[in-house]
Amino acid sequence: FLFVPAVEVKIEVVIPEKERSKEEMSPNGKASPLIYKVNGTARHYHLEEHPIASNPYHNPKDVVEASVCHVKDLENGQMREVDLGCGKALLIKESGEFHAVGHKCPHYGAPLVKGVLSKGRVRCPWHGACFNIGTGDIEDFPGLDSLPRFQVKIEKEKVYIRASKQALQTQRRTKMMAKCISLSNYNLSSTNVLIIGAGAAGLVCAETLRQEGFSDRIVMCTMDRHLPYDRPKLSKSMDSHPEQIALRPKEFFRTYDIEVLTEMQVAAVDIKNKIAVFKDGFKMEYNKLLIATGNTPKALSCKGKEVENVFNIRTPEDANRVVKLATSKNVVIVGASFLGMEVAAYLAERAHSVSVVELEEVPFKKFFGERVGRAVMKMFESNRVKFYMQTEVSELREQEGKLKEVVLKSGKVLRADVCVVGVGAVPATGFLKQSGINIDSKGFVMVNKMMQTNIPGVFAAGDAVTFPLALRNNKKVNVPHWQMAHMHGRIAALNMLAHGMEISTVPYLWTAMFGKSIRYAGHGEGFDDVVIQGDLDELKFVAFYTKSDEVVAVASMNYDPIVSKVAEVLAAGRTIRKRDVE
């Protein structure tokens, strides 16, 4: 704070650039680079200098400064979207101080002014990502980028924001990252960090290592043909092409020396000698290992399961092909899972008919409860989707090798040109069976709060793990959702660098159908009651899931930002009682 007598008060809510670069580099600052021991040899590393990041206002023509409001226009705890002429910022007042950051969530562009402000961070109203209001840094996921942060000053009772025009336009900031010191010296078949799997967990792990100044070799490998992509979009916008849903462009991986081996499957891990053995016989030594292989969709086990045009949606190619084949044709979806229902919704206006076959009596019964499930089912039925409940498929019939009919155990025969199977998934951990890494009876890799397995230097993250959930008294759970995979990857990376960081995030997920979203936070497994506020028929409601006297999860439709609010309360470690929501 700089106090000038009586005339004006200038508040610079900005860490001086020198301080900031120190803070983003390493605990030691730039003068003393971190030293990381690799197989007993010490290697030094520095963060790359980024002229833009180290001085956001290096080009005076790129800077805009504008008066945005009077000091008294905002109360503590208030947020306002303000226009600087060439773009908007989010102005926040908390504890008497003003902060300004980007106004859109970098994930899918949600307006953060409609989010939740709590204890120095703002949480996105749509998917729950959290950003520090002082630095703009992302603190919970989904999404990869942070918010740009702008300078605020107070002059003659007016609040001014000074910002880079570029940052106002892009509304995102990629954190500073290290690069690899000298790739040319490397033995091709050895790496410091090997990441098996290139989903959200694997990518966030690699990026976090670089953000923390790690400058040794990082190799990611994936069975996929593509660089990491936004997998939730496979069922939500099925005709997306791989490049449209890429999480980072090709150049990004080149710039930060994150190597990605595509179409490479690990067949075994030798933990004693720290070697991963690939299916094609190639071997790679590692120092630290992350297992982030995700799930494998379950296939049908009925007669005729090998006929053509029966799909599990695993890749962009699968999704694209289903859309093409389904247009103006008959589609049968087996399983009213998140994937099955999203696919049904997406195809409803494109296909001639869409039928959903499910064992339960209503969709999502175990997850959202019967009443919410029924309301969702009604929405689908009003969009021409037919349900065949409490039955399963007994046979797939073909004509000239291609699917023609789906026969149900109830005896009903459905015409079908395409069948999409969404009956759940199993962890893709078969290759670890003989490894010595602890796996539970269902095939999940068991980790602690630091994402560590029972083997030193071996970490696991994402859909294939069970971990202790702080929210539910450290009960070991599997949370196969996009936001959680991001956080697992971050925690694993920090602990590869010995930060001693434990996971405490609140699970947050969403599903999108017919232009409407259900948002969900918490972990409702084993709920014994549902308290509903609002109107289920109007699809404007909030549902609180309780176990004995405690709210363990919340879901909502057209009721923002209630789910983000509840997530913030739970994240603060507070208990919400049933009587508080009744």
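Checking each residue in segment 331-360 for being open to solvent by 30 Å² or more (accessible area, probe 1.4 Å), over 28 Å from the mean Cα position of the chain (by Cα) and of a type in the set (Ser, Thr, Tyr) picks out only Ser353.
Where in segment 263-346 are there strands (runs of 3 or more DSSP E), lying fully within it, with 3 or more residues that are β-branched (Val, Ile, Thr)?
Working: elements: 266-270, 275-278, 283-285, 288-291, 295-297, 330-334.
Those strands (runs of 3 or more DSSP E) span 330-334.
Out of Ser190, Ser237, Ser215, report the one residue that is hydroxyl-bearing (Ser, Thr, Tyr) and open to solvent by less than 10 Å² (accessible area, probe 1.4 Å). Full working, then the answer.
On the way: Ser190 fails: open to solvent by less than 10 Å² (accessible area, probe 1.4 Å); Ser237 fails: open to solvent by less than 10 Å² (accessible area, probe 1.4 Å).
Criteria check complete, one pass: Ser215.
Each residue in segment 495-512 was checked for being of a type in the set (A, V, I, L, M), buried (at least 22 other Cβ atoms within 10 Å of the Cβ) and assigned to a strand (DSSP E or B), and 1 pass. Among the residues of segment 96-116, those that are among the hydrophobic types (A, V, I, L, M, F, W, C) and in contact (Cβ under 8 Å) with a residue 60 or more places away in the chain comprise Phe98, Ala100, Val116.
Could you look through segment 143-161, keep only residues that are out of contact with any Lys or Arg (no Cβ under 7 Å at 6 or more places or on another chain) and assigned to a strand (DSSP E or B), and pick out the one that is farthest from Phe131 (Cα to Cα)? Only one residue fits best here, namely Lys158.
Yes or no, residue by residue, for (1) closer than 13 Å to Cys302 by Cα; (2) open to solvent by 30 Å² or more (accessible area, probe 1.4 Å); (3) among the β-branched types (Val, Ile, Thr):
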residue: Arg384; (1), (2), (3): no, yes, no
residue: Glu392; (1), (2), (3): yes, yes, no
residue: Val406; (1), (2), (3): yes, no, yes
residue: Ser410; (1), (2), (3): no, yes, no
residue: Val421; (1), (2), (3): yes, no, yes
residue: Phe431; (1), (2), (3): no, yes, no
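The condition of being buried (at least 23 other Cβ atoms within 10 Å of the Cβ) and small (Gly, Ala, Ser) holds for Gly197.
Quick check on segment 129-159: of everything there that is over 19 Å from the mean Cα position of the chain (by Cα) and surrounded by fewer than 19 Cβ atoms within 10 Å (Cβ to Cβ), which residue is nearest to Gly202 (Cα to Cα)? Only one residue fits best here, namely Gly134. Look through Glu400, Glu381 and report the one residue that is more than 23 Å from Ala553 (Cβ to Cβ), of a type in the set (Asp, Glu) and at pLDDT 95 or above. One residue alone meets the criteria, Glu381. No other residue among Ala492, Ala485, Ala521 is in a strand (DSSP E or B), among the small types (Gly, Ala, Ser) and closer than 24 Å to Pro427 by Cβ apart from Ala521.
Going residue by residue through segment 225-236, is there one that turns out to be over 16 Å from Met451 (Cβ atoms), under 21 Å from the mean Cα position of the chain (by Cα) and part of a strand (DSSP E or B)? Yes: segment 225-236 contains one or more residues that are over 16 Å from Met451 (Cβ atoms), under 21 Å from the mean Cα position of the chain (by Cα) and part of a strand (DSSP E or B). Identify, please: which residue in segment 297-307 is open to solvent by 60 Å² or more (accessible area, probe 1.4 Å) and in contact (Cβ under 8 Å) with a residue 24 or more places away in the chain and is, among those, nearest to Leu203 (Cα to Cα)? Checking each candidate, the answer is Lys298.
Looking only at segment 440-457, which residues are closer than 24 Å to Leu494 by Cβ and either surrounded by fewer than 20 Cβ atoms within 10 Å (Cβ to Cβ) or in contact with a Ser or Thr (Cβ under 9 Å, 6 or more places away or on another chain) (or both)? Those that are closer than 24 Å to Leu494 by Cβ and either surrounded by fewer than 20 Cβ atoms within 10 Å (Cβ to Cβ) or in contact with a Ser or Thr (Cβ under 9 Å, 6 or more places away or on another chain) (or both): Phe444, Val445, Met446, Val447, Asn448, Lys449, Met450, Gln452, Asn454, Ile455, Pro456, Gly457.
When you check Ser435 against the structure, is it over 30 Å from Ser328 (Cβ atoms) and open to solvent by less than 20 Å² (accessible area, probe 1.4 Å), yes or no?
Details: over 30 Å from Ser328 (Cβ atoms): yes; open to solvent by less than 20 Å² (accessible area, probe 1.4 Å): yes.
Criteria met by Ser435.
Assess whether Val542 counts as being hydrophobic (A, V, I, L, M, F, W, C), touching a strand residue (DSSP E or B) at 6+ places or on another chain (Cβ under 8 Å) and touching a residue at least 40 places away in the same chain (Cβ under 8 Å). Here the answer is no, as Val542 does not meet what is asked.
For segment 173-186, the condition holds for at least one residue, the condition being that it is part of a strand (DSSP E or B), farther than 16 Å from Lys288 by Cα and not β-branched (Val, Ile, Thr).
Of the residues Lys547, Lys565, Lys516, which single one is farther than 30 Å from Val113 by Cβ and basic (Lys, Arg)? It is Lys547. The number of residues in segment 561-577 being free of Cβ contacts under 8 Å to residues at least 12 places away in the same chain and touching a helix residue (DSSP H, G or I) at 6+ places or on another chain (Cβ under 7 Å) comes to 0.
Out of Gly281, Gly294, which single residue is open to solvent by less than 70 Å² (accessible area, probe 1.4 Å) and farther than 21 Å from His486 by Cβ?
Working: Gly294 fails: farther than 21 Å from His486 by Cβ.
Sole residue among the options that is open to solvent by less than 70 Å² (accessible area, probe 1.4 Å) and farther than 21 Å from His486 by Cβ: Gly281.
Whenever a residue of segment 513-536 is farther than 29 Å from Lys233 by Cβ, its partners that are among the acidic types (Asp, Glu), lying with C-beta atoms within less than 6 angstrom and at least six residues away or across chains, give the pairs Val531/Glu582. Is it the case, given these coordinates, that Glu398 is open to solvent by 30 Å² or more (accessible area, probe 1.4 Å) and farther than 23 Å from Pro242 by Cα? When the stated conditions are applied, Glu398 passes them.
For the criterion of being modelled with pLDDT of 95 or more, in a helix (DSSP H, G or I) and surrounded by fewer than 20 Cβ atoms within 10 Å (Cβ to Cβ), Arg574 fails. Residues in segment 519-557 that are open to solvent by 30 Å² or more (accessible area, probe 1.4 Å) and under 19 Å from Asn474 (Cβ atoms): Glu525, Gly526, Phe527, Lys547, Ser548, Glu550.
The values are calculated or read from the model by the stated rules, or taken from the named source; none is laboratory data. Keep in mind it's a predicted model, so treat the numbers as computed, not measured. Don't worry about glycine lacking a Cβ; one is built from the backbone with ideal geometry, like all the others, and counts go over all protein chains shown. Ligands, DNA and RNA are excluded from the accessible area calculation, which covers all protein heavy atoms including side chains. Shrake-Rupley method; radii C 1.70, N 1.55, O 1.52, S 1.80 Å.
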